[in-house]
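Data first, discussion second: the structure below is written as structure tokens.
The values are calculated or read from the model by the stated rules, or taken from the named source; none is laboratory data. Not measured: the values here are computed from a predicted model. Glycine also receives a Cβ, built like all others from the backbone with ideal geometry; neighbour counts cover every protein chain displayed. Surface accessibility is based on the protein's heavy atoms, side chains included, excluding ligands, DNA and RNA. Shrake-Rupley method; radii C 1.70, N 1.55, O 1.52, S 1.80 Å.
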Amino acid sequence: QVQLVESGGGLVQAGGSLRLSCAASGRTSSSYAMGWFRQAPGKEREFVAAISRNGGSTYYADSVKGRFTISRDNPKITVYLEMNSLTPEDTAVYYCAADVLISSVRGGTCDYWGQGTQVTVSS
């Protein structure tokens, strides 16, 4: 079993930046691919970014390419999402997720999910 806890959300003005963190605990190792998803009010959850087990491969939704960066610190078992040039359209609850398969992370069918952290971007 893996527990994921997100942090770093908050209120930011448009054009600003935030860094989200996801700390993993429990049955953990660097053997999990990880990712970030978000769900805005009234919308379905959507994929944001994913990173492979060793951090060598990253994937992004088109809507965040060039603005968001996913990274991981395997000794700390933590994944980060650096978000720049934020817009009100980025307002959502952001969820961290983990799975042994990167394909599952990219497809949103992860075994483990965090509780989410709210990101609100004001105009």
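Summary of computed values
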item	result
Orphan Cys of the chain, criterion: no other Cys C-beta under 4.7 Å	110
Extension reserve of the residue 13-residue 115 stretch, reckoned as 0.36 nm per residue once the Cα distance is removed	34.3 nm
Length-normalised contact order for the chain - Cα pairs under 8 Å, 6+ apart - percent	36
Of all accessible heavy-atom area on the chain, the percent that carbon and sulfur account for (1.4 Å)	46
Mean accessible surface per residue for the chain, computed with a 1.4 Å probe while every protein chain stays in place, in Å²	50
For segment 31-99: relative contact order, % (alpha-carbon pairs under 8 angstrom, 6 or more apart)	38
Length-normalised contact order of segment 14-70 in % [C-alpha pairs under 8 Å, at least 6 apart]	24
Two-site label geometry, residue 3 and residue 44: point separation in nm, points 7 Å out along Cα→Cβ	3.2
